[in-house]
Amino acid sequence: MKLIGKVALLSGAILLGAGALSPAVNPPLTSEAAEIKKPPVSGFISHDELTRELTQIERTSNGNVQVEVAGYSNQGREIYTATVGTGDKVVLIQSEIHGNEKVGTKALLDMVKKIGKNNSPEMRQLREELTIVAIPMMNPDGSELNRRGNEMTWEEVIEEFPQLEGAQPTWNYYTYVNQYWDYASQPGFDVNRDFNPNLDYVPQPQDFPGNSSQAGWFITPESQTVRDVYKNLQEQFGTVDVFIDLHHQGEYVIEGTDDPVTLSLSGLFVPNPSTPEGEKYRQYADQYNEEFSKQLNVAAYNALQEMGNSPFGNISLYPQGLDLPGTALGTFALNGSGTVLFEITGQTQNFGQKKMGQLTKAVETGVLGILNSVATGEVHELDVEDYDEIPLTER
Ligand SMILES: [Zn+2]
């Protein structure tokens, strides 16, 4: 599958699904490259602002929003959960697992505020039917550096897991330098390859360095934190019904058109365990629910189409046929959650904060479409086949 189109290559995008993470695609720093200036991102939310805003939202929500520290990043920054609603259907939503993918954090805060504070019948229904757990800025160290990876060395991993002494560093460990980032001085991991469908997995040296079609290891504190939130919800509710992950991609057009993609959606990250291709995931076959994931994506797509003749209609399907068990989406899908990926246009290091308002609104529209559909139960009536009618991305 061809994952990187020419537009994406020009914009230096790194995809969720791409194996193109090696230094080969990240040319070494040259004096010319060093002069490239990243556009400002001050319109996005910093970790300090996140802390202040969450505190404010909780205080003014009339008891509807609970904010907690779920864990700490490797550099000691708080990773928060903001919980709203008391229903028995559970929706977990996270943003910024890649720290240069910032629109989702803004959208997530807006949504928590709205659902927590607004007393319209629609918002009251969401609070009554759903328990929504938001993890905005799941990788705060990456966010502060406006980069994909967290900030953590292999030596720190060995300290935490002495059994890995002598093992090779993982394939998703970054130590390169390019025009945007200096991972040589501040190494880090792609946290979105550090998940393992076995939520009780303990790192074993024979599983290193691994690769993109193998599971991750929960070696980063960020993935451990989200794993623990997920397991706590499983204990409390039995299952986490829905998991939504908010990302960014490069700039694309809808296949066969000149229409720029506003965002792409997807619900499939591993081969179906009930098919021959998914044989290695057979133990998860009973809980894996491909149809529900597709219906959730259709709910988001329909809500965006209802916005009418506008950029909000320019929604495409992300590449299918992936096998990424180390992603949060792949791992939680195998654990029985309906899953939705949002890939918003433009990586922050080169796209900056262009169209921030419009893109934020698009994400909110899609996510609220999902939440309403789950709260009313209408999601189960949606035609699974509509998923395959979502136009593809031209790549
Ligand atoms: Zn991403």
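Would you point out which residue out of D259, D228, D245 is modelled with pLDDT of 95 or more, of a type in the set (D, E, K, R) and more than 16 Å from the ligand (Cβ to nearest atom)? Steps first, answer last, please.
On the way: D259 fails: modelled with pLDDT of 95 or more; D245 fails: more than 16 Å from the ligand (Cβ to nearest atom).
Answer to the selection: D228.
Pairs please, first residue from segment 217-233 and touching a residue at least 60 places away in the same chain (Cβ under 8 Å), second anywhere and in a helix (DSSP H, G or I) and surrounded by 23 or more Cβ atoms within 10 Å (Cβ to Cβ), Cβ atoms under 7 Å, 6+ apart in sequence or on different chains.
Taking only residues 6 or more apart or on different chains, the pairs are T220/V191; E222/V191; S223/V191; V226/A328; Y230/F332.
Suppose we keep only residues that are within 30 Å of I45 (Cβ to Cβ) and without any contact (Cβ under 8 Å) to a residue 60 or more places away in the chain within segment 155-173. Which one would you say is nearest to the chain's Cα centre (by Cα)? I'd like the intermediate steps shown before the answer.
Keep residues of segment 155-173 that are within 30 Å of I45 (Cβ to Cβ), which gives 156-157, 160, 170, 172-173.
Remaining after also requiring without any contact (Cβ under 8 Å) to a residue 60 or more places away in the chain: 160, 170, 173.
Details: E160: 26, T170: 21, Y173: 19 Å.
My answer is Y173.
Only residues that are farther than 11 Å from L371 by Cβ, within 16 Å of the ligand (Cβ to nearest atom) and not in a loop (DSSP other than H, G, I, E, B): list them for segment 88-140, please.
Matches in segment 88-140: Q94, S95, V103, G104, T105, K106, A107, L108, I135, P140.
Go over the candidates N335, N272, N350, N297 one by one and state the one that is in contact (Cβ under 8 Å) with a residue 60 or more places away in the chain, out of contact with any Lys or Arg (no Cβ under 8 Å at 6 or more places or on another chain) and within 28 Å of W171 (Cα to Cα). Walk me through it before giving the result.
Working: N272 fails: in contact (Cβ under 8 Å) with a residue 60 or more places away in the chain; N350 fails: out of contact with any Lys or Arg (no Cβ under 8 Å at 6 or more places or on another chain); N297 fails: within 28 Å of W171 (Cα to Cα).
Answer to the selection: N335.
When you go through (1) among the hydrophobic types (A, V, I, L, M, F, W, C); (2) closer than 22 Å to R148 by Cα; (3) at pLDDT 95 or above one by one for F237, which number turns out not to apply?
That leaves (2) as the condition not met.
Check F342, F312 and return the single one that is aromatic (F, W, Y) and under 15 Å from the mean Cα position of the chain (by Cα). Full working, then the answer.
Values: F312 fails: under 15 Å from the mean Cα position of the chain (by Cα).
Just one listed residue meets the conditions, F342.
Step by step: first the residues of segment 306-336, then only those that are part of a helix (DSSP H, G or I) and modelled with pLDDT under 95, then the one that is surrounded by the fewest Cβ atoms within 10 Å (Cβ to Cβ). Which residue is that?
Pass one, segment 306-336, residues part of a helix (DSSP H, G or I): 311-313, 328-334.
Those left that are additionally modelled with pLDDT under 95: 311-313.
On the way: P311: 19, F312: 20, G313: 16.
Result: G313.
Can you pull out the residues in segment 269-283 that are crowded, with 19+ Cβ neighbours inside 10 Å and part of a helix (DSSP H, G or I)?
Correct list: Y281 only.
Of these, T365, T339, T376, which one is touching an Asp or Glu at 6+ places or on another chain (Cβ under 8 Å) and surrounded by fewer than 23 Cβ atoms within 10 Å (Cβ to Cβ)? Before you say what the answer is, go through the steps one by one.
Details: T365 fails: touching an Asp or Glu at 6+ places or on another chain (Cβ under 8 Å); T339 fails: surrounded by fewer than 23 Cβ atoms within 10 Å (Cβ to Cβ).
Only one candidate qualifies: T376.
Does L15 satisfy the criteria of being crowded, with 16+ Cβ neighbours inside 10 Å, at pLDDT below 90, in contact with a strand residue (DSSP E or B) (Cβ under 8 Å, 6 or more places away or on another chain) and not hydroxyl-bearing (S, T, Y)? Full working, then the answer.
Values: crowded, with 16+ Cβ neighbours inside 10 Å: yes; at pLDDT below 90: yes; in contact with a strand residue (DSSP E or B) (Cβ under 8 Å, 6 or more places away or on another chain): yes; not hydroxyl-bearing (S, T, Y): yes.
Answer is yes for this residue.
Assigned to a loop (DSSP other than H, G, I, E, B) and either of a type in the set (A, V, I, L, M, F, W, C) or within 21 Å of G104 (Cβ to Cβ) (or both): which single residue out of Q353, Q287, Q358 fits that description?
Q353 is the lone residue from the list that is assigned to a loop (DSSP other than H, G, I, E, B) and either of a type in the set (A, V, I, L, M, F, W, C) or within 21 Å of G104 (Cβ to Cβ) (or both).
Suppose we filter L341, L296, L368 for residues that are part of a helix (DSSP H, G or I), under 26 Å from S213 (Cα atoms) and in contact with a helix residue (DSSP H, G or I) (Cβ under 8 Å, 6 or more places away or on another chain); which single one remains? Lay out the reasoning, then the answer.
On the way: L341 fails: part of a helix (DSSP H, G or I); L368 fails: under 26 Å from S213 (Cα atoms).
Within the list L341, L296, L368, the selection yields L296.
The values are calculated or read from the model by the stated rules, or taken from the named source; none is laboratory data. Just so you know, these numbers come straight off a predicted model, no measurement behind them. As a convention, Cβ positions derive from the backbone with ideal geometry for all residues, glycine included, and neighbour counts pool all protein chains shown.
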